[in-house]
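A.B. asks: Quick one: structure below, then a few questions.
The values are calculated or read from the model by the stated rules, or taken from the named source; none is laboratory data. What you see is a predicted model, and the numbers here were worked out from it, not measured in a lab. Note: ideal-geometry Cβ built from the backbone for every residue, glycine included; neighbour counts use all protein chains shown.
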Amino acid sequence: MWTIVNRITMSFLRKYLLGAIAVCIICTLVITYNCSCESGNGSYSYMPKPAARAPSAEAQTAALPETFLLIAIMSAPNESDVRAVIRNTWLQLSQKGPSVVQHRFPIGGKGLSETMRQQLEEEQKTHGDIAIIENLEETYANLALKTLRTMEYAYQNFRFQYILKVDSDSFVRLGAFIKSLKDIQHPRLYWGFLDGRAKPFRKGKWREADWMLCDRYLPYQLGGGYVLSYELARFLALNARLFKMYKNEDVSVGAWLAGLNVKYVHDPRFDTEWVSRGCNNEYLITHKKSPDDIQKLYNSMVVSQILPKRFPFLWACLFGIFQQTMLMNGYQEWIINGENPRDTIFAANAEGICSLMGYITIYYLADSLAVFISRTGN
């Protein structure tokens, strides 16, 4: 009896088990087929889509504004008058566009009063050259940090080949400077007035209590003005958190770059010491100048640029006036003698030409004066 029941039960289970297995197989095939078709049509896929990649550093850099020379002019927040003088003087000595030269005035934004911040924002709206660095406080103790933050700002906001760090009390012969820079280009250029003999300050405001590298400062370009290539500025920007700050900003830069394969270029045309070495028309940068000194230097530069271009023509015109004077003297003698020089074609033509040259001379003198006034504001 139990044997018959077991057989019937096993037969029943086998049939339904085989049916269940068949249904599972068929469902699996149908699902697989449908998924493969949908994936092929691109409407849906069980594979997760890869996350969008952030732009590479190279792509981000390529999108930045490009320039050959970026000038970072160090000034204090309250030096709006000094910045105005700089904009109207030596920054006008080059007519190159922004692809060749651009400038910024880096200013620490930390701790600024609301009034001062508003004034700087208005100045930025007017001129577009103020760079407020929010994580920097403007103090004497932070001069080295300001230079480092400036390198970070430059690297993050521009594609430049070289950066000129210059103080607000320096005068730059900008046109000659750019030409000289193009003549000495190097991918790791560090250009200025090199000092490798100075002993560390042990007293006073610039006392270097933490200088222990050696008994003298490592070679550095004096801080009134110096040039760094993009590669060196990039190195400073990317490693800023690792550097030790020293009291002297220029000494700090020299220490940070020590040990690198740097192209040091010492140039006596950088008059960037604490005390000027005197007047020299060959100087590219002159340090320790008041706003009045900067204006006077610019005025003399404008005169030296305008008049030499007109000298050959002016001398020719003056010679024509001299000839006209001689002709008029002869004309008077001919009148006394009863002769009429107007009967002579040569005399009439010579008189007209000389008069025209005299008028042109007056025009060019007036034009030179107008250009001088427009450039100097006097």
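A.B. asks: Here is a check on your reading of the model: is Lys96 under 19 Å from Trp256 (Cβ atoms) and not hydrophobic (A, V, I, L, M, F, W, C)?
C.D. replies: No; evaluated as a whole, the condition is false for this residue.
A.B. asks: With the condition kept exactly as written, say whether any residue in the range 205-225 is in contact (Cβ under 8 Å) with a residue 60 or more places away in the chain, within 24 Å of Thr286 (Cα to Cα) and out of contact with any helix residue (DSSP H, G or I) (no Cβ under 8 Å at 6 or more places or on another chain).
C.D. replies: Yes, some residue in the range 205-225 is in contact (Cβ under 8 Å) with a residue 60 or more places away in the chain, within 24 Å of Thr286 (Cα to Cα) and out of contact with any helix residue (DSSP H, G or I) (no Cβ under 8 Å at 6 or more places or on another chain).
A.B. asks: So, in the range 152-208, exactly how many residues are closer than 17 Å to Lys288 by Cβ and not hydrophobic (A, V, I, L, M, F, W, C)?
C.D. replies: Final tally of qualifying residues: 9.
A.B. asks: Please find, within the range 153-184, the residue that is surrounded by the most Cβ atoms within 10 Å (Cβ to Cβ) out of those that are among the polar types (S, T, N, Q) and outside any strand (DSSP E or B). I'd like the intermediate steps shown before the answer.
C.D. replies: To start, the set of residues in the range 153-184 that are among the polar types (S, T, N, Q) comprises 156-157, 161, 168, 170, 180.
Now narrow it down to the ones that are outside any strand (DSSP E or B): 156-157, 168, 170, 180.
Working: Gln156: 11, Asn157: 13, Ser168: 17, Ser170: 23, Ser180: 15.
Filtering the range 153-184 for residues that are among the polar types (S, T, N, Q) and outside any strand (DSSP E or B), the one surrounded by the most Cβ atoms within 10 Å (Cβ to Cβ) comes out as Ser170.
A.B. asks: Filter the range 114-161 down to the residues that are of a type in the set (Asp, Glu), in contact (Cβ under 8 Å) with a residue 12 or more places away in the chain and more than 17 Å from Leu228 (Cβ to Cβ) and list them by number.
C.D. replies: Restricting attention to the range 114-161, the residues satisfying the condition of being of a type in the set (Asp, Glu) are 114, 121-123, 129, 134, 137-138, 152.
Right, trim to in contact (Cβ under 8 Å) with a residue 12 or more places away in the chain and you get 123, 129, 134, 137-138, 152.
Within the range 114-161, Glu123, Asp129, Glu134, Glu137, Glu138 meet the criteria.
Listed here are the residues, each with its yes/no results for (1) under 28 Å from Met151 (Cβ atoms); (2) modelled with pLDDT of 95 or more; (3) under 24 Å from the mean Cα position of the chain (by Cα).
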residue: Asn248; (1), (2), (3): yes, no, yes
residue: Gly254; (1), (2), (3): yes, yes, yes
residue: Asn281; (1), (2), (3): no, no, no
residue: Lys288; (1), (2), (3): yes, no, yes
residue: Asp292; (1), (2), (3): no, yes, no
residue: Ile306; (1), (2), (3): no, no, no
residue: Pro312; (1), (2), (3): no, no, no
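A.B. asks: Given (1) touching a helix residue (DSSP H, G or I) at 6+ places or on another chain (Cβ under 8 Å); (2) assigned by TED's automatic domain parsing to the domain that holds Ala198, identify the lone condition not met by Leu297.
C.D. replies: (2)
A.B. asks: Moving on. Quickly run through the range 271-292 and pick out the residues that are farther than 12 Å from Leu222 by Cβ, without any contact (Cβ under 8 Å) to a residue 12 or more places away in the chain and either in contact with a strand residue (DSSP E or B) (Cβ under 9 Å, 6 or more places away or on another chain) or hydrophobic (A, V, I, L, M, F, W, C) (or both).
C.D. replies: Those that are farther than 12 Å from Leu222 by Cβ, without any contact (Cβ under 8 Å) to a residue 12 or more places away in the chain and either in contact with a strand residue (DSSP E or B) (Cβ under 9 Å, 6 or more places away or on another chain) or hydrophobic (A, V, I, L, M, F, W, C) (or both): Gly278, Cys279, Asn280.
A.B. asks: Quick check on the range 260-276. Is at least one of its residues out of contact with any Phe, Trp or Tyr (no Cβ under 6 Å at 6 or more places or on another chain), modelled with pLDDT of 60 or more and either outside the structural domain of Arg216 (by TED's automatic domain parsing) or of a type in the set (Val, Ile, Thr) (or both)? Give the derivation first.
C.D. replies: We begin by selecting, within the range 260-276, every residue out of contact with any Phe, Trp or Tyr (no Cβ under 6 Å at 6 or more places or on another chain); these are 260-261, 263, 266-268, 273-276.
With the extra rule that they be modelled with pLDDT of 60 or more, the set shrinks to 260-261, 263, 266-268, 273-276.
Okay, now just the ones that are also either outside the structural domain of Arg216 (by TED's automatic domain parsing) or of a type in the set (Val, Ile, Thr) (or both), so 275.
Yes: one or more hits.
A.B. asks: Considering (1) outside any loop (DSSP other than H, G, I, E, B); (2) under 17 Å from Lys165 (Cβ atoms), say which one Ile294 fails and leave the rest.
C.D. replies: The one condition Ile294 does not meet is (2).
A.B. asks: Among the residues of the range 199-226, what is the count of those that are of a type outside the set (Phe, Trp, Tyr) and more than 29 Å from the chain's Cα centre (by Cα)?
C.D. replies: Qualifying residue count for the region: 15.
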